[in-house]
1. Where does the chain land at 222 nm, in deg cm²/dmol rounded to the nearest 500, when only DSSP H runs of n ≥ 4 count, each adding -39500 (n - 2.57), divided by all residues?
2. With only Lys, Arg, Asp and Glu charged, each at its Cβ (+1 for the first two, -1 for the last two), find how big the charge dipole of the chain is about the Cα centre; round to the nearest 20 debye.
3. GNM on the chain, C-alpha springs below 10 Å: top fluctuator among G111, G17, G129?
4. Efficiency by 1/(1 + (r/R0)^6): what FRET value for T72 and A10, r their Cβ-Cβ distance, R0 = 25 Å, to the nearest 0.05?
5. Please give the FRET efficiency for T56 paired with A169, using the beta carbon to beta carbon distance and R0 = 30 Å, rounded to the nearest 0.05.
6. Positive end of the charge dipole of the chain (Lys, Arg +1 and Asp, Glu -1 on Cβ, about the Cα centre): tell me which of L246, V214, I130 has its Cα farthest that way.
7. When the accessible area of the chain is split by element with a 1.4 Å probe, what percent falls to carbon and sulfur?
8. Run the dipole for the range 47-160 about the Cα centre, Lys and Arg Cβ at +1, Asp and Glu Cβ at -1, nothing else charged, and hand back the magnitude in debye, nearest 20.
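The values are calculated or read from the model by the stated rules, or taken from the named source; none is laboratory data. On a predicted model such as this, the values are computed, not experimentally measured, just so you know. Using ideal geometry, Cβ is built from the backbone for each residue, glycine included, and neighbour counts are taken over all protein chains shown. Each accessible area value is taken on the protein alone, full model and side chains, heavy atoms only, with ligands, DNA and RNA left out. Shrake-Rupley method; radii C 1.70, N 1.55, O 1.52, S 1.80 Å.
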Amino acid sequence: MSHRSLAARAITVGYDGRDVLRGASLDVPAGRRTAILGANGSGKTTLLRCLAGAVTPASGAVELDGEALRHTRSGLRAHRQEVQLVLQDPDDQLFSADVYRDVAYGPANLGLPAAEVRERVESALTLLGIDGLSRRPVHQLSYGERKRVATAGAVAMRPCVLLLDEPTAGLDPRAEVEMFDAVSRLESAHTTVVLSTHDVALALDWAHSVAVVVDGTVVQGDPVTVLSDAELLARARLHVPWPLALAAELAADGVLPPDVRPRNAAELRRALTAGRVQ
């Protein structure tokens, strides 16, 4: 795995006579965290499917390192070795009897030697922290474990870019921590991670860049700048994340300077402590 840049350039996608995306563009720089936000039905998943090559836009293009994706059999096969998508519901992807065979399915279909398939499976399971589950029947796994198995199947393809659709949806707090521990290990293994989420506070804290899907387009930029835009977020049926909202209230009360915009609880606490010291 190695970092490569991915982008959508002015893509338009429609279903049943209605455009879901209209000239939407997104940049995923190599090695940078990108979070995609938007309401249900806004087009987040459609955008991810386009980036993965699963949906062909009516116009525009998806580019990998500046080269347009060719929606041919050979073009898609090559693209899917570089870019993998993990769907929100793991049961949409898991189908084998046990974990090992499910994770091995993609590499085996590449025609790789058995020893390399085994190495890829074992490496993916270790990266996701689920190597102890390799022989477990899939139907005996918890929801969070199934999410990580589905992710391991994508990781075993050794993609440069991993697209995660709502990776924390349906997870309890402990499972969320385990998922993001796994994401950190993937980043250490030189995988660029993109995720979609409704959790604006998570996006603010985690991402280097956020992209809000609204009215068929994408507004992308620095997390603090974009997620401070209350008007934009209201249009997208989202809200200003709590660290920024609370800092704004404290600034209105004279407790914090107006330019303090913390991304998480730790930054807010440091700002408050600095204010007391002064």
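1. Working: 11 runs with 113 residues, N = 278.
Mean residue ellipticity at 222 nm (helix-derived): -12000 deg cm²/dmol.
2. Details: 30 positive and 34 negative charges, 95 e Å.
Dipole about the Cα centre, nearest 20: 460 debye.
3. G17
4. Details: r = 21 Å, r/R0 = 0.84.
Efficiency, from the Cβ-Cβ distance: 0.75.
5. Details: r = 26 Å, r/R0 = 0.87.
My answer for the efficiency is 0.70.
6. Of L246, V214, I130, it is I130.
7. Details: 6220 of 12870 Å².
Here it works out to 48 percent.
8. On the way: 14 positive and 14 negative charges, 41 e Å.
Once rounded to the nearest 20, the dipole reads 200 debye.
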